[in-house]
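Here, each number is a calculation from the coordinates, and none is a lab measurement. Note that the coordinates shown come from a computational prediction; the quantities given were computed from them, not determined experimentally. Here the Cβ is made from the backbone with ideal geometry for all residues, glycine too, and neighbour counts use every protein chain on show.
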Amino acid sequence: MPREYLYHKLTTPEEMEAIGFATKIACPKGARLFLTGQLGSGKTVFCRGYLRGAGYKGRVKSPTFTIVESYAMLGFDVHHFDFYRIEDPTELDFIGLDQYFDDVSDVLVEWPSKGEGVLPSADLLIEVAVGAEPHLRELKMYGETERGCVIISNLRHQSFGGLRSDSSQSMG
């Protein structure tokens, strides 16, 4: 299966949040999104937009200290993980990780490399890189599964409130 991807250059946190919102609109229930990038790159801002797209109106905070924040939506849940403080993936055995990954709950994971070996696979891998200019972010989204490729296809047909993809294509 070819690996589908999208690439965006963003210059404001509002654009990052808009992409998160649009991504939720493009995702079926049960989507698994893994976000990578350095501290302060905007991963949690993306997650806030995603939750807004799911209809959540309250405060969205980074689960850096709690490991997971769960949000009950009408008919499904969104679980937002942050593994930054995890030293060893076996630490995740104590939180009952498998109970969060089902067919109807969306799962957002920041720092997924810290859970390598115990995490199920992602549908969508999102890489956020900090650019040379202040506030510049380069965001790449990769479809890792058939569901992930459907999400990418759905995103290609959205305008993100005026934002357009700088490039999108299949990788062989």
Notebook entry, point to check: Failed condition for ILE67, given (1) of a type in the set (A, V, I, L, M); (2) at positive phi; (3) surrounded by fewer than 16 Cβ atoms within 10 Å (Cβ to Cβ), with all others met?
Noted result: (3)
Next item on the list: Might you let me know whether the range 76-89 holds any residue that is surrounded by fewer than 16 Cβ atoms within 10 Å (Cβ to Cβ), under 21 Å from ALA22 (Cβ atoms) and either under 18 Å from the mean Cα position of the chain (by Cα) or of a type in the set (Lys, Arg) (or both)?
Entry: yes
Note to self: Quick check on my filter: what residues within the range 15-36 are within 16 Å of SER153 (Cα to Cα), surrounded by fewer than 22 Cβ atoms within 10 Å (Cβ to Cβ) and β-branched (Val, Ile, Thr)?
What the structure shows: ILE25
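Let's see how each residue does on (1) in a loop (DSSP other than H, G, I, E, B); (2) touching a Cys at 6+ places or on another chain (Cβ under 9 Å); (3) among the aliphatic types (A, V, I, L, M):
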site: PHE21; (1), (2), (3): no, no, no
site: ILE25; (1), (2), (3): no, no, yes
site: LEU35; (1), (2), (3): no, yes, yes
site: SER41; (1), (2), (3): yes, no, no
site: CYS47; (1), (2), (3): no, no, no
site: LEU51; (1), (2), (3): no, no, yes
site: GLY55; (1), (2), (3): yes, no, no
site: VAL60; (1), (2), (3): yes, yes, yes
site: THR64; (1), (2), (3): yes, no, no
Checklist line | Neighbours by Cβ (under 6 Å, 6+ apart or cross-chain): first from the range 8-25, of a type in the set (Phe, Trp, Tyr); second part of a helix (DSSP H, G or I) | finding: PHE21/GLY49; PHE21/ARG52; PHE21/GLY53
